1. Give me a count of the residues in the range 62-107 that are in contact with a Pro (Cβ under 9 Å, 6 or more places away or on another chain) and either of a type in the set (Asp, Glu) or part of a helix (DSSP H, G or I) (or both).
2. Just to be sure I understand, how many residues within the range 148-178 are of a type outside the set (Val, Ile, Thr), over 18 Å from GLY237 (Cα atoms) and surrounded by fewer than 20 Cβ atoms within 10 Å (Cβ to Cβ)?
3. Give SER64, SER20 a once-over and let me know the one that is loosely packed, with under 14 Cβ neighbours inside 10 Å and hydroxyl-bearing (Ser, Thr, Tyr).
4. Starting from residues that are under 30 Å from ASP90 (Cα atoms) and without any contact (Cβ under 8 Å) to a residue 60 or more places away in the chain, keep the ones in the range 31-50 and report whichever is surrounded by the fewest Cβ atoms within 10 Å (Cβ to Cβ).
5. Any idea which residue in the range 160-200 is nearest to GLU244 (Cα to Cα), counting only those that are of a type in the set (Asp, Glu) and outside any helix (DSSP H, G or I)?
6. VAL110 passes all but one of (1) out of contact with any Asp or Glu (no Cβ under 7 Å at 6 or more places or on another chain); (2) not in a loop (DSSP other than H, G, I, E, B); which number fails?
7. Can you tell me how many residues within the range 133-147 are modelled with pLDDT under 75 and crowded, with 16+ Cβ neighbours inside 10 Å?
8. Taking TYR65 and the conditions (1) in contact with a Leu (Cβ under 7 Å, 6 or more places away or on another chain); (2) within 14 Å of ARG198 (Cα to Cα), which numbered condition does it fall short on, given that it satisfies the others?
Amino acid sequence: MVTGPASTEIAAAPVAPGNSARIERETHKLEKRLCRLMGQAVIDYNMIGEGDRVMVCVSGGKDSYAMLDILLKLRARAPVHFDLIAVNLDQKQPGFPEDVLPRYLRALGVPFHIENQDTYSIVKRVIPEGKTMCSLCSRLRRGILYRVADELGATRIALGHHRDDILQTFFLNMFFGGKLKGMPPKLVSDDGRHVVIRPLALVAERDLARWAAQRQFPIIPCTLCGSQTNLQRKQVGQMLRDWEKQYPGRIESMFTALQNVVPSHLMDGTRYDFSGLTASGVPSPDGDLAFDTEEFGASAMAPVQVVRFDA
């Protein structure tokens, strides 16, 4: 959901003549990193294959703009053919600049579809003032996008969630849901009929912010969802930023942990057969040796700051 000025662009700072070459080199390195990380995610999780029609969900924020931008670059060099169609859901918020995305996408030469659905009125009517609107808004939006994917013949639905979103979701589920559950890079939709992919799953948000500034995307500010000060996701995001500032490398370590799960050293009996575990007399890599070989660096061993979350 979006409200605010008709259009806002991330302004680039003035460039001194002597710095232009350095900035060009840094921009080239950033582009290579973004393409490499998205390409790695696409390959590792088999996100896109020959003949796929990818519905790229573009909200007007930096992440979805960057996702479309990098997907176009990857498509140009990919060994398989796939099509892209950009889709925006205009939820009829007051002040939404409905001309911004069509103008940008036409200039880009990308096929697109604007879906007009007044979910804004539904959310404002159902959710009491001061309560979090994200859950209902997300459910309404998800159902509409699934229908649109059917109508457009899309075989993949691409969402712009990045590495930091995935980590935030993990901690939200752990702190408030009592589950070790994150946001997967690829999944089957609620109705079982669509494959949802997150091509930015390995990409850091700070790199997307830098790329958005460099590319001067016409950002449409989100002041309904984004302005809710009581969002637990905002608090978790700030916690992670504070950790990274105080202990550089902690974010990378935690994200790597999501890809190195050891069920035998957790407590979920549905994921590991604890009840049937017996001594076999054969050394096991899942035994106590798993602790003896670990070496933790200073960043990992630094004390964890206790953060209070108010609902």
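The values are calculated or read from the model by the stated rules, or taken from the named source; none is laboratory data. A quick note: this is a predicted structure, and the numbers were derived from the prediction, not measured. Note that each Cβ is placed from the backbone with ideal geometry, even for glycine, and that neighbours are counted across all protein chains shown.
1. 11
2. Looking only at that region, the number is 5.
3. Residue meeting the stated conditions: SER20.
4. GLY49
5. The residue in question is ASP190.
6. Against the list (1) out of contact with any Asp or Glu (no Cβ under 7 Å at 6 or more places or on another chain); (2) not in a loop (DSSP other than H, G, I, E, B), VAL110 comes up short only on (2).
7. Summing the residues that are modelled with pLDDT under 75 and crowded, with 16+ Cβ neighbours inside 10 Å in the range 133-147 gives 3.
8. Among (1) in contact with a Leu (Cβ under 7 Å, 6 or more places away or on another chain); (2) within 14 Å of ARG198 (Cα to Cα), the lone unmet condition for TYR65 is (1).
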